[in-house]
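Scroll down for the structure; my scribbles are underneath it.
The values are calculated or read from the model by the stated rules, or taken from the named source; none is laboratory data. On a predicted model such as this, the values are computed, not experimentally measured, just so you know. Backbone-built Cβ (ideal geometry, glycine too); neighbour counts: all protein chains shown. Remember, those area values only see protein heavy atoms, side chains included, never the ligands or the DNA or RNA. Shrake-Rupley method; radii C 1.70, N 1.55, O 1.52, S 1.80 Å.
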Amino acid sequence: MNFTVFRRHNKDVCDSTNRYEPRCGCPLHVQFVWKGTPGVFEGKKLAYQNKWSLETRSWSEAQIRVKALQKRLKNFAKGKVAPKSRTVAAALQEWYKFRDQNKLGNTKAKQMGGKLDEWCEKNDIILLTALTTEQAMKWRVTLPHRSGDSSSLSVHWSVISGFFSWAAGMGYIKKTPIPDPKINPQFRISYEKAEVEPPTKEQVEKILNTATGQVRLLCLLMRETAMALVDAMKFAMSQKDAEKYKMSKPERCPVIQGEVIRGNRTKTNERYRVRISESLAKQLEALGEPAFPGTYSQWRERVNKAIKDAGVKTTPHGFRHYRITEWLSAGVRVDDVADMVGSSPNEIRRTYRHWIKEAEDRLDEVQREAWLTMGLDENGNEIVQ
């Protein structure tokens, strides 16, 4: 088959009559003769004479697309099933719409999709089918997310893995270019989360004494409830306002009933229920609705500034760690803490084991009973007759 690339000029904006004009910017098409059986190919009618849009204005990109089209048509002629042709950018946009429709959220998806699209563009990878396993792994090396003592790389990589699995399911690629770590363990992302180090009571008080106005009240809210910043700043915020400020998961706004706050965490959708002090409830009520108008990035910046001005090394999430460890150290049951903060008891035990007083008390009791069974007193001393 002979393929001819040509421009279809728009007479309203272009005076050129040269079908092969290299720079005018009019859309490029391909013309070819099909000698096989007429039919439908990738949703297009396949006749003897064909003139199809290449959906690009770049000659170099047009040549790449023509080569890919030629290969797929040859496979089609031989009766082979060929993947539908999609550019990386077009597939990503379709994936975002799919996630929106299924209410999956697109914050991390668009972040990772943007990085993939940018890398592919720099490396002249236009079509999704052109992205190989080797290229996918080379791209992974360029990602800024940490591993080792952080799950960051693993979390973000799983998001883009979902994109490739979706593309394979749609028939845009034959299989995902990401190797299965069960079959190829060398590609597994290993990490061991660092032990949580919450700020001290003195550090928390220092931040609260430094912060002022709404920033201080937001910090107090996180301090009393262990809510993450993204949840705390939605206090008294309607879904409409959350959408206005482009909040992640705007439908997951907390419900306030006097001094009780309940809702579903933005990050995990886990339910939580926690009570705040009467004095804080009155101060927050005085702020009106919403209590903290603005975007997440704006409030994160404001809280981080208060932390920096206080000379404390922590993050807004440190308030959550501090409150949880405070409850556990005071002997509050793990299951109750999990219900208050929207987490599973197992996750609480894994993350905050060293602060669980009930576990320490139980181990002390086991040790005491063991001594008594051994004929010693409850302090482990020999009993003098």
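Listed values, structure above:
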{"quantity": "Filtered residues of the range 30-47 (kept if assigned to a loop (DSSP other than H, G, I, E, B) and surrounded by 17 or more Cβ atoms within 10 Å (Cβ to Cβ))", "calculated": "Trp34"}
{"quantity": "Cβ-Cβ under 8 Å pairs, at least 6 apart or on other chains, the range 107-123 side among the polar types (S, T, N, Q), far side part of a helix (DSSP H, G or I) and surrounded by fewer than 19 Cβ atoms within 10 Å (Cβ to Cβ)", "calculated": "Asn123/Gln135"}
{"quantity": "Odd one out for Glu243 among (1) under 19 Å from the mean Cα position of the chain (by Cα); (2) at pLDDT 95 or above; (3) surrounded by fewer than 18 Cβ atoms within 10 Å (Cβ to Cβ)", "calculated": "(2)"}
{"quantity": "Residues that are charged (D, E, K, R) and closer than 27 Å to Ile64 by Cβ, drawn from the range 129-187", "calculated": "Glu134, Lys138, Arg140, Lys174, Lys175"}
{"quantity": "Residues of the range 1-29 that turn out to be open to solvent by 70 Å² or more (accessible area, probe 1.4 Å), touching a strand residue (DSSP E or B) at 6+ places or on another chain (Cβ under 6 Å) and not basic (Lys, Arg), as a count", "calculated": "1"}
{"quantity": "Among residues of the range 125-141, those that are free of Cβ contacts under 8 Å to residues at least 40 places away in the same chain and under 20 Å from Arg72 (Cβ atoms), counted", "calculated": "1"}
{"quantity": "Residues located in the range 250-270, provided they are touching a helix residue (DSSP H, G or I) at 6+ places or on another chain (Cβ under 8 Å) and either touching a residue at least 40 places away in the same chain (Cβ under 8 Å) or not aliphatic (A, V, I, L, M) (or both)", "calculated": "Pro250, Glu251, Arg252, Cys253, Pro254, Gly258, Glu259, Gly263, Arg265, Thr266, Lys267"}
{"quantity": "Test result for Ile178, open to solvent by 20 Å² or more (accessible area, probe 1.4 Å), in contact (Cβ under 8 Å) with a residue 40 or more places away in the chain, hydrophobic (A, V, I, L, M, F, W, C) and not in a helix (DSSP H, G or I)", "calculated": "yes"}
{"quantity": "Number of the condition not met by Val88 [criteria: (1) open to solvent by less than 80 Å² (accessible area, probe 1.4 Å); (2) modelled with pLDDT under 85; (3) touching an Asp or Glu at 6+ places or on another chain (Cβ under 7 Å)]", "calculated": "(2)"}
{"quantity": "Residues located in the range 308-360, provided they are among the polar types (S, T, N, Q) and either at pLDDT 90 or above or farther than 24 Å from Glu202 by Cα (or both)", "calculated": "Thr314, Thr315, Thr325, Ser343, Ser344, Asn346"}
{"quantity": "Test result for Lys45, basic (Lys, Arg), without any contact (Cβ under 8 Å) to a residue 60 or more places away in the chain and more than 30 Å from Met137 (Cα to Cα)", "calculated": "yes"}
{"quantity": "Number of positions in the range 48-63 that are open to solvent by 90 Å² or more (accessible area, probe 1.4 Å) and either touching a Cys at 6+ places or on another chain (Cβ under 8 Å) or within 26 Å of Asn123 (Cα to Cα) (or both)", "calculated": "2"}
{"quantity": "Filter pass, Ala77 being at pLDDT 90 or above and surrounded by fewer than 17 Cβ atoms within 10 Å (Cβ to Cβ)", "calculated": "no"}
{"quantity": "Subset of the range 1-12 [in a loop (DSSP other than H, G, I, E, B) and in contact (Cβ under 8 Å) with a residue 12 or more places away in the chain]", "calculated": "Met1, Asn2, Arg8, His9, Asn10"}
{"quantity": "Qualifying residue in the range 94-114 (condition: at pLDDT below 90, crowded, with 18+ Cβ neighbours inside 10 Å and among the hydrophobic types (A, V, I, L, M, F, W, C))", "calculated": "no"}
{"quantity": "Selection status of Val332, assigned to a loop (DSSP other than H, G, I, E, B) and not acidic (Asp, Glu)", "calculated": "yes"}
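Quick grid of which residues meet (1) part of a helix (DSSP H, G or I); (2) out of contact with any Gly (no Cβ under 8 Å at 6 or more places or on another chain); (3) on the phi < 0 side of the Ramachandran plot:
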site: Cys219; (1), (2), (3): yes, yes, yes
site: Met227; (1), (2), (3): no, yes, yes
site: Val230; (1), (2), (3): yes, yes, yes
site: Ala236; (1), (2), (3): no, no, no
site: Ser248; (1), (2), (3): no, no, yes
site: Thr266; (1), (2), (3): no, yes, yes
site: Leu280; (1), (2), (3): yes, yes, yes
site: Arg320; (1), (2), (3): yes, yes, yes
